[in-house]
1. On a 0 to 90 degree scale, rounded to 10, what angle separates helix 33-50 from the longest Cα axis of the chain?
2. Can you pull out the GluC sites (Glu not before Pro) in the stretch 66-140 whose DSSP state is coil and whose Cβ has at most 11 other Cβ atoms within 10 Å?
3. Given a 1.4 angstrom probe, I'd like the percentage of the accessible area of the chain that is carbon and sulfur, rounded to a whole number.
4. What shape does the stretch 1-56 take by its C-alpha gyration tensor, where a ≥ b ≥ c are the square roots of the eigenvalues and a/c under 1.5 counts as rounded, a/b above b/c as prolate, and the rest as oblate?
5. Short version: ³J(HN,Hα) in whole Hz for each residue of the stretch 70-83, in order, from phi by Karplus 6.51 cos²θ - 1.76 cosθ + 1.60 (θ = phi - 60°), x for Gly and Pro, what are they?
6. Which loop chymotrypsin sites (Phe, Trp or Tyr not before Pro) in the stretch 18-96, with loop taken from DSSP, have no more than 13 other Cβ atoms within 10 angstrom of their Cβ?
7. What are the trypsin sites (Lys or Arg not before Pro) within the stretch 23-80 that DSSP puts in a loop, where the Cβ has at most 11 other Cβ atoms within 10 Å?
8. Taking the solvent-accessible surface of protein heavy atoms with a 1.4 Å probe, what is the per residue accessible area of the chain in Å²?
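The values are calculated or read from the model by the stated rules, or taken from the named source; none is laboratory data. No experiment lies behind these values; they were computed from the predicted model shown. Positions of Cβ are generated from backbone atoms using ideal geometry, with glycine treated the same way; all protein chains shown enter the neighbour counts. Ligands, DNA and RNA are stripped out before the accessible areas are found, and what is left, the full protein with its side chains, is counted by its heavy atoms. Shrake-Rupley method; radii C 1.70, N 1.55, O 1.52, S 1.80 Å.
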Amino acid sequence: MPRIVVAPPGAVHFSCELSVRISDVNFGGHLGHDSLIRLLHEARARFFDSLGYSELNVEGAGIILADLAVVYRSEAHFRDRLRFDLAAEDFWERGCEIAAGVYAVSDQREIAYARTGLRFFDYAAGRSVAAPAGFRRRFP
């Protein structure tokens, strides 16, 4: 399989810092892939919260994750403070991508780049819906 290419966000719409906990460290002594996904989820939830939304209510629509791609750049370890830079990008009719750059606060080292494809979703009806216009307008 050829290597995937994941670029950092073009513009940064939100940043937050999270620490690597001991429970995030795997047998290799560094941040585990499963823990990075949880930290990305936390950062995304904080991004939506900063806009006055939740993952279940973005102007009446929820979100559902369609895919995730991650490229690791370097290791992170217990107690490392990480900065998550996020952006909503590449909108389409029913969704967009949340791009993330993850950096070590201490030396700005690149830890990972990630892109999460999300679809706007009506959980009551069990189907995807159009991307809310107001949300989309926030990210020209």
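1. Approximately 50 degrees, to the nearest ten.
2. Numbers: sites: E75, E89, E93, E97, E110; in loops: E75, E93.
Answer in residue order: E93.
3. Working: 4060 of 7630 Å².
The nonpolar share, carbon plus sulfur, comes to 53 percent.
4. Values: a/c = 2.26, a/b = 1.30, b/c = 1.74.
Oblate shape, in that a/c is at least 1.5 and b/c is the bigger or equal ratio.
5. 9, 10, 8, 10, 7, 7, 10, 10, 3, 6, 4, 9, 10, 9
6. On the way: sites: F27, F47, F48, Y53, Y72, F78, F84, F91, W92; in loops: F27, Y53, F78.
Of the chymotrypsin sites (Phe, Trp or Tyr not before Pro), the ones in loops of the stretch 18-96 whose Cβ has at most 13 other Cβ atoms within 10 Å are F27.
7. Numbers: sites: R38, R44, R46, R73, R79; in loops: R73, R79.
Answer by residue number: R79.
8. On the way: 7630 Å² over 140 residues.
Heavy-atom accessible area per residue stands at 55 Å².
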